[in-house]
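I have placed the structure first, in the form of structure tokens, so that the comments after it can refer back to it.
The values are calculated or read from the model by the stated rules, or taken from the named source; none is laboratory data. Given the structure is predicted, the values throughout are model-derived calculations rather than measurements. All Cβ positions, even for glycine, are placed from backbone atoms using ideal geometry, and neighbour counts span all protein chains on display. Surface areas here come from the heavy atoms of the whole protein model, side chains and all, with no ligands, DNA or RNA. Shrake-Rupley method; radii C 1.70, N 1.55, O 1.52, S 1.80 Å.
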Amino acid sequence: MTVTLELFPRRVDPEDFARAQVERFTDHQLRIGRPRVVHAVAFRTWLGDLSLPVPAARGAADQASELG
């Protein structure tokens, strides 16, 4: 028997998603993947005036993407 897993919901409301992420990470830190490194959280503008949590320490790849 084959089971199909839906990796992403078909419709996600961006405002609800952003609000949930902000609530989840306000006054908290985050991990990316399984390493033990814990990152401070900053919030970056996403769609329009919505924000999402991102690591506060910006890496070289992140800065290079802003250069174009």
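Brief remarks follow.
- For the range 24-35, the candidate set comprises residues that are hydrophobic (A, V, I, L, M, F, W, C) and not in a strand (DSSP E or B); within that set, the residue that is surrounded by the fewest Cβ atoms within 10 Å (Cβ to Cβ) is Ile32.
- Count - residues of the range 1-23 that are open to solvent by 100 Å² or more (accessible area, probe 1.4 Å), modelled with pLDDT under 90 and not aliphatic (A, V, I, L, M): 6
- Applying a threshold of 6 Å to beta carbon distances and a minimum spacing of six or more residues, or different chains, the list of pairs starting in the range 38-55 at a residue that is surrounded by 11 or more Cβ atoms within 10 Å (Cβ to Cβ) and ending at one that is among the aromatic types (Phe, Trp, Tyr) and part of a strand (DSSP E or B) reads Ser51/Phe43; Pro53/Phe43.
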